[in-house]
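Just so it is clear, none of the values below were taken in a lab; they were calculated from the coordinates. This structure is a prediction, so every number in the text was calculated from the model and none was measured. For neighbour counting, all protein chains shown are included, and Cβ atoms are generated from backbone atoms with ideal geometry for every residue, glycine included.
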Amino acid sequence: MDTAEQLILQKILSAMDTYQASDLHLSVGNPPMMRVRGRLVAMPDQQLLTPAFIENVALLWLDAYYAELLKQRKDVVCARTFENKRRFKIAAYYQQNHVTVTLSLIPVSVPPLQNTGLPPLAQRLALLDRGLVIIMGPFGSHMQLTAASFIEYFNQTTQRHIVTIEKPVEYLFQDNQCVIEQREVGVDVPSTEAALESAFHEDVDIVLATSVITPAAWKSVIALANTGKLVFVSVHANTIVSVLQSIVHDADPAEQTQLRMELATALGGVINQRIVTTITSELMPVVELLIPNDAVRTIIQSGDFMQVQNIISTSREEGMRSLDFSLRMAIDGGRITRQEAARHAENPRLFM
């Protein structure tokens, strides 16, 4: 990268600081785009980006391993700590035969669990000794930050052995009262499935897995939870019902009945979160919460997953809450507008 390109890149990164952007998008033929308070906007006073500039940025930000991986697979995701101690998740991939790069800021510090904005009953999932906790939401919902807050809570308050299985490793933990081992898929272990299999044979108390997408991985996660370990999984999805359905329906049909029984036993809770923009232009989480009771476990065993949403909506006295109910609470509390609620709602017509 020549001096002129370095100056352009410095201005781009400085603009991210100025506008407090969470993400940066570099694609050919467009100006740098950044996400500010949940909205994607063009960076002012910047020229359209060229293929050569973006390729040079990718080579600058990727180490030799990931640069070669990009060349071979045309798509890589990694994390890197820059010289100024800021840490970013980097996604580089090809589209229309050109490299595109996305940079996502990873917060320097993990907020205490009580400061995450999670409802008290969701925070109480940290008191589980065993079982499966699913943290879910669409891209940009800060799932990994929530998961990291749980891990840091354990690190500050308990003495346990924790293994994280990540792709990539985003938040870096410093051992306090826990021993925390962070394994990056593709670097430290060949696959999520291999890392989960290894956890069966190790003295592990808590497992965090952030890239569980295959039936084999879900089967291992559920088995780990049912053998006495506390397992946290983060997954990109929009609805709790869709996650539960995919866990079972993507499995071998001959195994689905047994898997439903095991899932019903293992499940400790599901946090489905969104990040909304408040009236004062701040970001705040809004949470849907499933805490399995006898009715939920019976429904999971039967496979009638569509009934789960009804249980969530009618079990507020047990601490459960639907996404739309949480959005309504945010409106009534004067935190967000009806228009913002409609953007994130399962039933937008409720807010129109």
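Comparing 216, 199, 295 in a Gaussian network model of the chain where C-alpha atoms under 10 Å apart are linked, the largest mean-square fluctuation is found at 295. Per-residue ellipticity at 222 nm, computed for the chain from helices alone with -39500 (n - 2.57) per DSSP H run of at least four residues, works out to -11000 deg cm²/dmol. The long axis of helix 143-157 is offset from the longest Cα principal axis of the chain by roughly 70 degrees.
Report the local net charge at residue 332: Lys and Arg +1, Asp and Glu -1, summed over other residues whose C-beta lies under 15 Å from its C-beta. Walk me through the intermediate numbers first.
On the way: positive: 316, 321, 328, 335, 338; negative: 324, 340.
In short, +3.
Residues whose amide H falls under 5 Å from that of residue 276, counting only those 5 or more places apart or on a different chain, are 284, 286, with hydrogens built in the peptide plane.
Stretched out straight at 0.36 nm per residue, the stretch from residue 45 to residue 284 would grow longer than its current Cα-Cα span by 83.0 nm.
Charge dipole (Cα centre; +1 on Lys/Arg Cβ, -1 on Asp/Glu Cβ; no other charges) of the chain amounts to roughly 920 debye. Within the straight-line cut-off of under 15 Å between alpha carbons, the aspartates and glutamates reachable from residue 71 are 55, 63, sequence neighbours fewer than 8 places apart in one chain being disregarded.
The slack between residue 191 and residue 123, meaning 0.36 nm per residue of separation minus the straight C-alpha distance, is 21.5 nm. Structure note, pairs 85/219; 85/229; 74/219; 167/229; 11/167; 74/167: Cα-Cα distances above 27 angstrom occur for 85/219; 85/229; 74/219; 11/167.
Where both residues lie in the chain, what percent of DSSP beta bridges are antiparallel, nearest 5?
Taking every DSSP beta bridge with both residues in the chain, the antiparallel ones total about 55 percent.
Rounded to the nearest Hz, the phi-derived 3J(HN,Hα) couplings of the stretch 76-92 under the Karplus curve 6.51 cos²θ - 1.76 cosθ + 1.60 (θ = phi - 60°) are 9, 9, 8, 10, 8, 9, 7, 4, 7, 6, 7, 10, 10, 8, 10, 10, 10, where x marks glycine and proline. Measuring r between the beta carbons of residue 306 and residue 257 and using R0 = 22 Å, the FRET efficiency lands at 0.75.
Can you sort 351, 200 from fewest to most other Cβ atoms within 10 Å of each residue's own Cβ? Can you show the working numbers first?
Values: 351 19, 200 12.
Ordered from fewest to most neighbouring Cβ atoms within 10 Å, 351, 200 come out as 200, 351.
Compactness of the chain, taken as the C-alpha radius of gyration over 2.2 N^0.38 Å, stands at 1.04. Could you state the angle between the C-alpha long axis of helix 64-73 and the longest principal axis of the C-alpha atoms of the chain, as a value from 0 to 90 degrees rounded to the nearest 10? It is inclined by approximately 80 degrees. Less than 5 angstrom separates the built amide H of residue 208 from those of 163, 164, 165, 232, all sequence-distant by 5 or more or on a different chain. The distance separating the Cα centre of the stretch 289-352 from that of the stretch 75-131 comes to 25 Å. Pairs of alpha-carbon atoms within less than 8 angstrom and 6+ residues apart define the contacts here; what relative contact order does the chain have, in percent? Relative contact order comes out at 13 percent. Output the 0 to 90 degree angle, nearest 10, between the alpha-carbon long axis of helix 323-332 and the longest principal axis computed from the alpha carbons of the chain. Tilt relative to the chain: about 70 degrees. Put simply, the amide H of residue 106, placed in the peptide plane, has neighbours under 5 Å in 87, 88, 89, leaving out anything fewer than 5 places away on its chain. Put in order of Cβ neighbour count within 10 Å, fewest first, the listed residues 202, 318, 288 become 202, 318, 288.
Among 71, 85, 167, rank each residue by its count of other Cβ atoms within 10 Å, from fewest to most, as a rough exposure measure. Kindly include the intermediate steps, with their values, before the conclusion.
Details: 71 10, 85 7, 167 21.
Least crowded to most crowded, the residues run 85, 71, 167.
Dividing the mean sequence gap of close Cα pairs (under 8 Å, 6+ apart) by how many residues the stretch 2-54 holds gives a relative contact order of 29 percent.
Neighbours of residue 49 by Cβ distance under 14 Å: Lys/Arg scored +1, Asp/Glu scored -1, total -2.
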